[in-house]
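The next block holds one structure in the form of structure tokens; read it before the comments.
Only the coordinates and a few stated rules stand behind these numbers; no lab work does. Quantities reported herein were computed from a predicted structural model and do not represent experimental measurements. Glycine also receives a Cβ, built like all others from the backbone with ideal geometry; neighbour counts cover every protein chain displayed.
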Amino acid sequence: MSKICNKCGKENPENLTFCENCGSLLLNAQESKKDSKKEIKRESFVLKDDFERIFRDYLPQRERIGTVAAPIAYFIKEDVLADFSYLIDGQVPCTGTSATVGVGSLAHCPQLFFWGDYGCNLGLMFMFIFKADMSGVYLSMRYSGRLDSDESLKIKRDVYQYCIKEHFPEFEFLESIDLKSDTAFSISYEKSTIISKFYPKDNIPFDEDLIKDMNDFIECGKLLCKLNPLNDEELVKKVMKKV
């Protein structure tokens, strides 16, 4: 019994879970959404394939076309965002997703955003952001305050990193990112990054691992929202002495 893709209409062999043409989830009439989620969590590589296409096509189209009318821009804003939103639905505690590839011109570093609903007022932002040379992609948690001075950003970053290390000593993360771009946006993202994880383009993990990493980052965000450590003057002084 073949499986017809609801997205593109292609007929696929019965043993496939995802459409071999467009990568969308294939459902039998007997399959429930709950069962499908289990399959996605266990063996899905939808985002892996999406990311690999971005690595392959983004720079050539940016050099040749240069505008957000490029096919890769539509792919990221429509297909990748749809895959991303579907895969994390019910598996990552977030309330929204979005994607950006620039305004008018293709950005140096395309991004996928997701954000949580846990009463946080610290201005935390979560994203996958691609390096400008397309050598890999970061999962990043950053502070979104654009008007902060460099000194203020550094204090927030150091205090937040200290709290995460203290409460999650087993959690391994990078303390900075290098986007290989000199645009104002890229520089501001580098300065405001709190924690990150880097995936080289030739070693993108399966969706299960990406989802786990996203949940780890969300847990770090929840911790910071609970502690609100910048209100603890003694802690701030302690951290600044250590730096």
How many percent of the alpha carbon pairs in segment 53-182 exceed a separation of 26 Å? 31 percent
With r as the distance between the Cβ atoms of Glu14 and Glu219 and R0 = 51 Å, compute the FRET efficiency 1/(1 + (r/R0)^6) and round to 0.05. 0.85
Which length gain, in nm to one decimal place, applies between Asp209 and Ser152 when the Cα-Cα distance is subtracted from 0.36 nm times their residue separation? 17.2 nm
What nm value, rounded to one decimal, do you get for the distance between Thr183 and Glu63 when each label is placed 7 Å out toward the C-beta? 1.8 nm
Which whole-Hz couplings ³J(HN,Hα) result when phi for each residue of segment 129-135 is put into the Karplus expression 6.51 cos²θ - 1.76 cosθ + 1.60, θ = phi - 60°, listed in order with x for Gly and Pro? 10, 7, 5, 5, 8, 6, 8
Over segment 128-173, consider all pairs of different Cα atoms and compute the Kirkwood hydrodynamic radius from their mean reciprocal separation; express it in Å, one decimal. 12.6 Å
So, relative contact order of segment 102-243 in percent, Cα under 8 Å, 6 or more apart, is 28 percent
Overall form of segment 105-157 per C-alpha gyration tensor (a/c, 1.5; a/b vs b/c): oblate
Segment 199-243, Rg to Rh (Cα coordinates; Rh as Kirkwood inverse mean 1/r): 1.23
May I have the extent of the alpha carbons of segment 46-118 along their three principal axes, as whole Å values ordered from largest to smallest? 41, 24, 15
On each of the three principal axes the extent of the alpha-carbon atoms of segment 111-226, given in whole Å and largest first, is 36, 33, 25
